[in-house]
């Protein structure tokens, strides 16, 4: 990955994109920038899963980067669930199946008190 190009991307994101996303309670992180100029980003906070994600990607993120930052050819949204969220969901499901197991929050409190 070209560090100069990534620095330029981050500067544009900080100046033109992130302030708007922050006003909606969200934030954006760069997942990766490929050698052929494809930028993968992740929207987080309230922007993750928002119905306006497609609009944000096209008119806010992509339009500010593609054609403006020489070398960025495409911007793609990475949508995945974090490992921590999957773990928490599994714990909740297991607790629902086995009522003798205290909820996750109770187990965390018990382990802190021990």
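The values are calculated or read from the model by the stated rules, or taken from the named source; none is laboratory data. Here the structure is a predicted model, which is why all the values come from computation and not from measurement. Note: ideal-geometry Cβ built from the backbone for every residue, glycine included; neighbour counts use all protein chains shown.
Run down 94, 99 and say which single residue is at pLDDT 75 or above and farther than 30 Å from residue 12 by Cβ. Show your work before the answer.
Values: 99 fails: at pLDDT 75 or above.
Being at pLDDT 75 or above and farther than 30 Å from residue 12 by Cβ holds for just one of 94, 99, which is 94.
In segment 24-49, which residues are over 15 Å from residue 61 (Cα atoms) and either surrounded by 17 or more Cβ atoms within 10 Å (Cβ to Cβ) or out of contact with any strand residue (DSSP E or B) (no Cβ under 6 Å at 6 or more places or on another chain) (or both)?
Selection gives 34, 35, 36, 49.
Take residue 31 and tell me if it is in contact (Cβ under 8 Å) with a residue 40 or more places away in the chain, part of a strand (DSSP E or B) and at negative phi. Explain how you work it out, then say what you get.
Working: in contact (Cβ under 8 Å) with a residue 40 or more places away in the chain: yes; part of a strand (DSSP E or B): yes; at negative phi: yes.
In short, yes.
Based on this model, can you work out whether residue 61 counts as in contact with a helix residue (DSSP H, G or I) (Cβ under 8 Å, 6 or more places away or on another chain) and on the phi < 0 side of the Ramachandran plot? Break it down stepwise before answering.
Working: in contact with a helix residue (DSSP H, G or I) (Cβ under 8 Å, 6 or more places away or on another chain): yes; on the phi < 0 side of the Ramachandran plot: yes.
Answer is yes for this residue.
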